[in-house]
Each structure stands twice: as structure tokens, then as C-alpha cells.
2 protein chains.
Amino acid sequence: MRERELLQRIADRSADLPESFDRVLVGPGDDCAVLAPDGRRLVLTTDHLVQDRHFDDTLPLELIGRKAVMRSVSDIAAMAAEPAWALATALLPVGYAHADDLFDHMAHHAREFGCPLVGGDIASLPAGSDGPISLTVTVGGYAENPVLRSGARVGDLVYATGELGGSMTNNRHAKATPRVAVALELARLTTIRAMIDLSDGLGIDAARIARASGVRLELDADAIPIHTDASGLSGALGDGEDYELLFTAPSRATIPESIGVARITRIGRVVEGEPATIVRMLDGSTVDASEQGFEHG
Amino acid sequence: MRERELLQRIADRSADLPESFDRVLVGPGDDCAVLAPDGRRLVLTTDHLVQDRHFDDTLPLELIGRKAVMRSVSDIAAMAAEPAWALATALLPVGYAHADDLFDHMAHHAREFGCPLVGGDIASLPAGSDGPISLTVTVGGYAENPVLRSGARVGDLVYATGELGGSMTNNRHAKATPRVAVALELARLTTIRAMIDLSDGLGIDAARIARASGVRLELDADAIPIHTDASGLSGALGDGEDYELLFTAPSRATIPESIGVARITRIGRVVEGEPATIVRMLDGSTVDASEQGFEHG
């Protein structure tokens, strides 16, 4: 399929966007998409999904498309914002047979997550190159008061949603549901001081809140919710790709035990000290877990 | 340089964004960037720049970074919108020595064009792969009344800015100044019915307005402004990468002969008929130029 035909099919499939999504005034097909104004703050993120880096050839095409969108939506959730629109790019081998299906999957899941694909771009790899396939998805969302990584204060308690580790099992890393509803409900119910989504691993990601806030996150080994797929605590700390939320809240805040299907577990506290993720083990010893995880560069 | 160090340098270099750009509340470094609300419509575009597709190794690094940003800004100009923010991604070989410089160039030119880089993502090619380098730049802008491709009406006159063709000479394709100021001034002065930026070539791009508007664009061969670098009319119609504007306006509209350094030339008219770019030659014969140009897929 020529690029022009593919772009036309994407435009045709998107023709209902203005009637299906209030904010979308013009979808794919012009120089730019056009979105209605929104009086809240605009939050923006973009992420790569690269073959042999973030997925391998055993991952079904639908889950490749889903994961590309999901990763960026998870960043929107981590701001306690509402996803609103998405743009996707794909770099594909010349004559790649599944381009149309891949965009269809991305478009389907983007709608499902509330951020319809309003535009994008397709490019071909140089002739003779068969990879890597590379997708990028940019998502915009809106929030009155986005929650940053930098708001954690000494005395806050630390919470995680869901269960952590072992996300490679059964391709759970590509099937995760970004915690948008949980984040919006938390922000509505109570005060969230700092938040991040767990993409690289609890150890690394908690240290990011610590560095941004100038504090130390002390986690209790026996409190961390370990997924049954994980190989114990080290898996929960370092496997990554959980797409759960890690957040801090004042100790007086009332945090529900669950929102929807997502359990919420108190796993530690914010203390003074050189920024780091410190895990307090059952025997009282402590371990610096700030490097536990995987930077998906 | 590790990804984490590079991201930290980008965040450090961007620390002044909130004070330098009113709209930017949070720049690079959190899960998302945060932008202040804007009461106008949001216009959005994203574009690839791929090694051996859109540039070759003779193009200096600065112009690679500049072109990646410029192409998207040109799409914003084509909506008669004001660029406001940008997000960039780069897919680079493992250990690529110029990553920091490349982002520095993109950031510099993004600021120059009024759309500071507020976020992005870096990914590495699989080990052992040296290419292609791929950049994507997403730009958001604002306009009260974005100008679409679909607004051309029979009886409108057709105009182009600048001179067309030969853009490969002296790397002009990477040095072009997106016609943002011209577009904003035109929209302020008069009624623009339809507009597109000339990226793929006058023939192809005029046909896009024609198809979107359900009309035919008839251009006068002797009126088309041919750049001195171009090999005559065919170059002006088909070389592409001019990053000038093509627009239609009602015949009663007063269009200035130039805005700033950009000459504005009336080159034809909108007529009834099957959508196409038709060029009327000096001898009165006509040529269908709808396929003249290059689709940069």
C-alpha cells in the first residue's frame, strides 16, 4: 500500500472523530489536527516503542500497537490528568505488509484510552533495511492540578497500586491498563503530593521521585505487593514495565484500599536524607535499591 | 553518555523555560510537560526526519536538528497558527557521540521558532545497528481560526509565497524559514480560504487542496515564481521541500505583494472540475501536474 493510500485509509477511518469526541474539531488529513480549547492545563508526553528494544517478534501486532499507546497514556495517568488526544508515528520497512493493521490497532486502543489518534506520520526505512520498526506516540491530556514528581515531603506516606514484578509473563507488559481512572479518583478524593508511573522498576522510579523532591523514599520489604508472576522481592523492585502508580500523600490523607480493581498498598514513607530508594528488610537491615530496574533506552 | 545523563542535561538546559516562555509551566524531566491553558484552538502536527530518506550524511548536524523542527513548524504555519511548544524523539545508534549536540541544535531552533522543546524521548537502535537515525518532532500551536486545506471555493485566486524549486542547492531545504509570520499576517489582514505548506512539491500539494476542497486548481505556467536554483518550471512544480505557502483567497481580497522578505505571487485560480492541479502553458495547452513532486514517505 502506498503511503498516500494508507494516509487516506487512516483519514477515512477517523472521519467520525469530530462527532465521537467533543474536543476533536479536525482529525487526520490536514497539515495539522485541530482541537477545541480546554481551560485546564495541558500535559504532554511522547515515547518510543522500538523493535528488539521494547518488544520482540513474538509479541502479536495488536499488542505492539496497544503497548505503544499505553506507555504514553501511563505517563498522563502519572500526572493525574485525563488523556485527550494522541499522535503516532511509524518507521517501517519498505512495503511492510501490516502498516494498515498496525495503525488500526493503535487507533483502536487510543480511542479505548480516551485519546483518539488525531494525526501522525509514516516513514519508510531505507531500501534494504528491515528494521528496527519504531513507533512513537505523543499524548496530550488535561488536568486542573497536575501531580509532579517533585512534591514529596518528609513525613508523607508512600503507596503503590496493583502488584509488581514479572510483567514479561504472558505479555502483561503490553496488556497493562494505564491507571488513569485510579489517578483521577485519587486526585478527586484526597491530596496526592508526588506521583510517577512504574515503567522502569520500583527501585529506579522511586529514586526519581526522591531526586526530584530532594528526599529519600524508605520502603518496607514486607509491604511491597509482589505479583505472583515475579521472582520475589527483587522482581518487584527491578523487573519494571508494571505501569502501576507510585505516589506519596500526607500521613493524614485517607487513601482507599482499592479503586476499581486496583489494590492500593502503603509501602513506605518519605524521610530526610540523600535522595535514594532505601528498602528496609525484615531483619532491619537496609538496601539501596535506587538502581534496581531497567532504563529502556 | 548514558541516557540518564543525557536526559539530565536536557532538563538542566531547559530549566529557564518557565521564565522564558509564559506558557511553559513544567519542561523536560517529569512524566509529562505542563502547559498553561490557551483559549484558542490547539493545532497539532508530527513529522519524521529519517537518515537516508530526508537527509544524508553530508548535511551538517545543526541542519539535521534544524530541519527536524522546521518541517513541523511549517505545518503549523500552514494553519495560520502560532507555534507554542515542541516534543522531540530520537532513535540513535548505541553510544552515538553526537546525541547531546543534536538535541542542543533541536532545542536551539525550536526556541528560535517560538516552540521550545518541553519534552521528548531517546531510544537506542538495537546493538550492532548503525541506522537509520530517526527523529520525530511534534509541534503544538494555537489559532482562533485555523486555515484548513478544504476551504477553497470556485472563483478564489491562488497564491504562493517565495520562489519554488531547486531546494537541494546549498541545503536550502534544511535552512528554510517556516512562513509563520507571513501566515499570521495574512490571516490578520484578509480572508484566507485554504492553505498548505509546499513540502512535497507544488503539483502534489496543490492537488491536496483541490481534493480536500472538491475543486480544481488551475495555475499559469508563466506566473509560477521559479527559484534561480531550479531547473525551470518542472523544478518549481516537482522539486519539493520549498516550505513556502500555497493558499487561496476570494478574488475581492487584497493580498500584499510581499510580507517581510517573502514575495507573494498570484499564480492561478480555483475552477470547477475533477480535483487536480492543472497547469496552463504559454501556448494555451494544459498539463495535469497533480503527481509532480515527491512523497517523502
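The values are calculated or read from the model by the stated rules, or taken from the named source; none is laboratory data. Just so it is clear, the structure is predicted and the values come from calculations on it, not from any experiment. Positions of Cβ are backbone-derived with ideal geometry, glycine not excepted, and every protein chain shown enters the neighbour counts.
Only one entry of B:Arg66, B:Arg53 meets the criterion of being assigned to a loop (DSSP other than H, G, I, E, B), within 26 Å of A:Ala88 (Cβ to Cβ) and out of contact with any Asp or Glu (no Cβ under 8 Å at 6 or more places or on another chain), and that entry is B:Arg53. Within region B:149-177, the set of residues being surrounded by fewer than 24 Cβ atoms within 10 Å (Cβ to Cβ) and among the hydrophobic types (A, V, I, L, M, F, W, C) comprises B:Val154, B:Leu157, B:Met168, B:Ala176. Just one of the listed residues (B:Arg111, B:Arg66, B:Arg53, B:Arg71) is at pLDDT 95 or above, within 19 Å of the chain's Cα centre (by Cα) and surrounded by fewer than 22 Cβ atoms within 10 Å (Cβ to Cβ), namely B:Arg111.
I need the full set of residues from region B:74-102 which are buried (at least 24 other Cβ atoms within 10 Å of the Cβ) and part of a loop (DSSP other than H, G, I, E, B), in order please. Once the filter is applied, which keeps residues that are buried (at least 24 other Cβ atoms within 10 Å of the Cβ) and part of a loop (DSSP other than H, G, I, E, B), region B:74-102 yields B:Ala78, B:Met79, B:Ala80, B:Ala81. Checking each residue in region A:239-263 for being under 15 Å from the mean Cα position of the chain (by Cα) and not acidic (Asp, Glu) picks out A:Gly240, A:Tyr243, A:Leu245, A:Leu246, A:Phe247. Every test in (1) of a type outside the set (Lys, Arg); (2) in contact with a Ser or Thr (Cβ under 9 Å, 6 or more places away or on another chain); (3) at positive phi is passed by A:Ser72 save one, and that test is (3). In region B:166-177 there is at least one residue matching the filter, namely being touching a strand residue (DSSP E or B) at 6+ places or on another chain (Cβ under 8 Å), in the same structural domain as B:Ala194 (by TED's automatic domain parsing) and more than 21 Å from B:Ala207 (Cβ to Cβ).
Taking residues in region B:3-20 that are closer than 12 Å to B:Pro116 by Cβ, and partners anywhere that are surrounded by 16 or more Cβ atoms within 10 Å (Cβ to Cβ) and of a type in the set (Val, Ile, Thr), the pairs with Cβ atoms closer than 9 Å and at least 6 places apart or on different chains are B:Ile10/B:Ile122; B:Ser14/B:Val24; B:Ser14/B:Val118; B:Leu17/B:Val24; B:Leu17/B:Val26; B:Leu17/B:Val118; B:Pro18/B:Val24; B:Pro18/B:Val26.
Among the candidates B:Glu241, B:Glu218, B:Glu291, which residue alone is on the phi > 0 side of the Ramachandran plot, in contact (Cβ under 8 Å) with a residue 24 or more places away in the chain and either part of a strand (DSSP E or B) or out of contact with any strand residue (DSSP E or B) (no Cβ under 6 Å at 6 or more places or on another chain) (or both)?
Sole residue among the options that is on the phi > 0 side of the Ramachandran plot, in contact (Cβ under 8 Å) with a residue 24 or more places away in the chain and either part of a strand (DSSP E or B) or out of contact with any strand residue (DSSP E or B) (no Cβ under 6 Å at 6 or more places or on another chain) (or both): B:Glu241.
Do you know which of the residues in region B:39-80 that are facing chain A (nearest Cβ under 7 Å) and acidic (Asp, Glu) is nearest to B:Ile122 (Cα to Cα)? Lay out the reasoning, then the answer.
Quick first cut of region B:39-80, residues facing chain A (nearest Cβ under 7 Å) only: B:39-48, B:50, B:52-53, B:75-76, B:78-79.
Filter once more, keeping what is acidic (Asp, Glu): B:47, B:52, B:75.
Values: B:Asp47: 16, B:Asp52: 20, B:Asp75: 24 Å.
By that ranking, first place goes to B:Asp47.
Mind counting the residues in region A:1-23 that are of a type in the set (Lys, Arg), assigned to a helix (DSSP H, G or I) and under 20 Å from A:Leu91 (Cα atoms)?
Total satisfying the criteria: 2.
Among the conditions (1) more than 21 Å from A:His54 (Cβ to Cβ); (2) touching a helix residue (DSSP H, G or I) at 6+ places or on another chain (Cβ under 6 Å); (3) surrounded by 21 or more Cβ atoms within 10 Å (Cβ to Cβ), the only one that A:Ala212 does not satisfy is (3). Restricting attention to region A:24-35, does a residue exist that is at pLDDT 95 or above, surrounded by fewer than 20 Cβ atoms within 10 Å (Cβ to Cβ) and part of a loop (DSSP other than H, G, I, E, B)? So far as region A:24-35 goes, no, none of its residues is at pLDDT 95 or above, surrounded by fewer than 20 Cβ atoms within 10 Å (Cβ to Cβ) and part of a loop (DSSP other than H, G, I, E, B). Of the residues making up region A:87-119, those that are under 17 Å from A:Asp16 (Cα atoms) and within 11 Å of another protein chain (Cβ to nearest Cβ) are A:Leu87, A:Leu117, A:Val118, A:Gly119.
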